[in-house]
Structures are given as C-alpha cells and as structure tokens.
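This report refers to the structure that appears directly beneath it.
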Amino acid sequence: MTKHSIAQALVALVCITFECRSHALDSLQSEVLVDKDGTVHVPAFTVPLSSYMSAEAKRRFVEKIESERTIFDKDKDASISMQRESVDTLIRPKVERAKAAYPVNIEERRIGGIRTHIVTPREGVASKNAGRVLINLHGGGFMVGGAGLHGSLESIPIAAIGKFKVITVDYRMAPEFKFPAASEDVASVYRALLKEYRSTSIGIYGCSAGGLLTAMATAWFQKERLPVPGAIGILSAAAFGNFYPPGNVAGSWSGDSIFTTPPLVGERPLVDNQSQRLPSDSYLSNANLSDPLVSPAMSQTVLAKFPPTLLVTGTRAYDMSAAVETQREMTKSGAKAELHLWDGMGHCFFLEEDLPESREALNVVAHFFDEHLH
C-alpha cells in the first residue's frame, strides 16, 4: 500500500469515527428534551466514580451502598424510639473507631440547664486554646441522633486534631418538641459559656441539621441581644430552614443538587421520594420558612452580622446547591464566608473519619477555628 493510499485510509477512518461519534451525540441530544420553562429531561446515562476520589473513598462508597442507604426507608414507619435506636446502632461502632483513632476524654455535664457532653483530647487542651471553646450541634434531621453518640462522632476528631475543648449540646428534638426549642437550648449553653469565655473565643459548628441549627442559633443570638461568636461552621448544610423538597418553597434547600446528586449516591431523587418523612413536617411544622430565625439566608440584615463562616460539603451532596447559595448570600451581605467542596463526596462524608478526604476536611475545620477564634 502506497503512502498516499495509507493517508486516504486514515482520513476515511477519521471521518467514519467522527461521523459515528456525531451520530451518537445527535442521538443523545435528541433524547434530551428542554421544556419551554427550562426544565430539562435527561435520558439514563452512566456516571463513574470521580477520578479525584481516593481509593479508600471509592471502596467505602460501594460498602455504604450495600449496607446503609436504606436504613431510613426501612424505618420510616417505625416509632421515633425505634428510628433513634436504628441510628444509634449505626453510629455506635463509628464512634468506637473514632475513639481509637483520636484518643479523647468524654464527660457528661449540664451547662445552662442543658445536657451536654464535653470532649477533650486525651493529652490535654493546647495552651493557646485554654481560653477558647467549641460548641458542636449534632445532626439527625432534628429527630434522631444525640450528643452522646452522633455528637461525639462529630466532636472527637475536631477535639483531637485542633486540641480544643468541644461541648456537644443535647438539644430538644421533634416530634416531642418544635421550633424554636433547639435554638433556645443552644442559647442557654452559649449564655452560660459567656460567663467563662469571651464571645470571640467561642466557635460553633454542626453537620447537616446541626449545621442548619448553627445558622439558626446565630440568628437567635441576635434576637436575644447576645454577642456574636468568634466563628461558625455550617457543615453539609445551609442557612435555609427546610432541607427537603419542595425546593420551590422559599427558605428551602433547593437548586440543582437536590435533583442531580441523590442518584449519584444510589438513591432516588428527593423530589420523587414522597415516602420520605420530612423534618419540616415535625420540628418546623409551626415555623415560617421565610422567617430569618428559621432561614437566616433569607435576610441580608441578619447575615451581615454573622461571624466568619465555614461551609464544607461535597459535589454529590444534596445540600451542595443550598450551601453554595448560602455563601453567595453571605458574600452579598458583606459577611465573610469560606466554602470548601470535595469532588465525588456525599452528605456528611467527613464522618467517615478514616478516609483521606475526611481527614483533609477535619483539618480544614480545625484550622478555621484556630485562625478565627481570639
């Protein structure tokens, strides 16, 4: 075969390949429909795990798909006590692993009349942190979890890494209590701590519902005329009150991620899962979602008084869009807001304390408070 014929063959092969690819793209594009209101209908397609994820995170993703993702679906019709026991059963071994990885001391104590758990590093609080303290608000949808287990899981690594004293608050939850019970409990603890610490030396953070409560409590302090804390962390959460659909309701976690991310962690889209028990039907059932005490991000005036705020989440977390919007609104208000995203990671990924991504995120949290508390 002559060089000329080889060149012709290569050109023909490139053209055929391009034409086949073009037809495939045309076929896919013809299946993607866009309504007049902008709603996009996307056909099924394959999404591999992010190439940026660690090998450990990829393995854990597969393990969780098999073992954990259906726990709430299975228990949605169970009594609240049974739901709480199911979550405790899931969390308990994680807490034990965290204790092994991060040696700490845990003491139960009532502060401001509220039950708390105080977590300190086994080797002692760093001398520079002697006059600083962190408050942790546990997650659990305002219905499950507690300071002893869920709160300890969030407090242990931060206490050990940052050499801080971390106080986890066992705030009141639904269905027994309604808004603003949790905000009141956090304020009670905060008010008591102000007798020992300067406000600028107190940091507050939480994951999921605890992250939302961190924002709610910061707004509540303004109503109670309490001084602003030194810094706060809204982790895998946002400063909007309703964290399940319908996302078109003011004060809700909304945006692209409530539609796109659940399937990426092996779950049905939240907007299709009408069997989900909604926290807004329990803890927030008597609240106005547009009230800045419920959704601080709805008020530029309230946000403008927020202290430096850290937001942490992942690109496969359904809270991502709301976290992005929270940072956007805070920036518009003039408040300082720092957002960190981890590609391929889901809701509260950093609670898997042995993953490289989790250690990175936990170090970011500890460093943030070290930088901003005085």
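The values are calculated or read from the model by the stated rules, or taken from the named source; none is laboratory data. Treat the numbers as computed from the prediction; the structure is a model and nothing was measured. Methodologically, a virtual Cβ is constructed for each residue, glycine included, from the backbone with ideal geometry; neighbour enumeration extends over all protein chains shown.
Which one is surrounded by the most Cβ atoms within 10 Å (Cβ to Cβ) among residues in region 158-173 that are touching an Asp or Glu at 6+ places or on another chain (Cβ under 9 Å) and outside any strand (DSSP E or B)?
So, considering only residues that are touching an Asp or Glu at 6+ places or on another chain (Cβ under 9 Å) and outside any strand (DSSP E or B), the one surrounded by the most Cβ atoms within 10 Å (Cβ to Cβ) is Tyr171.
Would you tally the residues in region 119-155 being assigned to a helix (DSSP H, G or I) and of a type in the set (Lys, Arg)?
Number of matching residues: 1.
What number of residues in region 33-46 are in a loop (DSSP other than H, G, I, E, B) and exposed (fewer than 10 other Cβ atoms within 10 Å of the Cβ)?
The number of residues fulfilling the criteria is 8.
Is it fair to say Ala147 is within 22 Å of the chain's Cα centre (by Cα), surrounded by 24 or more Cβ atoms within 10 Å (Cβ to Cβ), at pLDDT 95 or above and not acidic (Asp, Glu)?
No.
Can you list the helices (runs of 4 or more DSSP H) found entirely within region 174-277 that contain at least 1 residues being modelled with pLDDT under 95 and touching a helix residue (DSSP H, G or I) at 6+ places or on another chain (Cβ under 7 Å)?
257-264
Which one is surrounded by the fewest Cβ atoms within 10 Å (Cβ to Cβ), of the residues in region 179-214 that are of a type in the set (Lys, Arg) and farther than 13 Å from Leu134 by Cα?
Here the residue is Lys195.
Do we find a residue being touching a strand residue (DSSP E or B) at 6+ places or on another chain (Cβ under 9 Å) and among the aromatic types (Phe, Trp, Tyr) anywhere in region 281-300?
Looking through region 281-300, none of the residues is touching a strand residue (DSSP E or B) at 6+ places or on another chain (Cβ under 9 Å) and among the aromatic types (Phe, Trp, Tyr).
Taking region 335-360, which residues are of a type in the set (A, V, I, L, M) and touching a residue at least 60 places away in the same chain (Cβ under 8 Å)?
Selection gives Met345, Leu351, Leu355.
Picking from Arg132, Arg115, Arg92, Arg109, which residue would you name as being closer than 18 Å to Val365 by Cβ and either in contact with a Leu (Cβ under 9 Å, 6 or more places away or on another chain) or without any contact (Cβ under 8 Å) to a residue 60 or more places away in the chain (or both)?
Arg132 is the lone residue from the list that is closer than 18 Å to Val365 by Cβ and either in contact with a Leu (Cβ under 9 Å, 6 or more places away or on another chain) or without any contact (Cβ under 8 Å) to a residue 60 or more places away in the chain (or both).
Could you list, in sequence order, the residues of region 314-346 that are within 15 Å of Ser208 (Cα to Cα), of a type outside the set (Phe, Trp, Tyr) and either crowded, with 22+ Cβ neighbours inside 10 Å or touching a Pro at 6+ places or on another chain (Cβ under 6 Å) (or both)?
Across region 314-346, the qualifying residues are Gly314, Arg316, Ala317, Asp319, Met320, Ala322, Ala323, Thr326, Met345, Gly346.
Need the failing condition index for Thr116 against (1) farther than 26 Å from Ala217 by Cα; (2) not in a helix (DSSP H, G or I), just the number.
Answer for Thr116: the failing condition is (1).
Residues are listed down the side, and each one gets a yes or a no for (1) closer than 25 Å to His372 by Cβ; (2) within 16 Å of the chain's Cα centre (by Cα); (3) aliphatic (A, V, I, L, M):
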{"site": "Trp220", "(1), (2), (3)": "yes, no, no"}
{"site": "Ile234", "(1), (2), (3)": "yes, yes, yes"}
{"site": "Phe240", "(1), (2), (3)": "yes, yes, no"}
{"site": "Phe243", "(1), (2), (3)": "no, yes, no"}
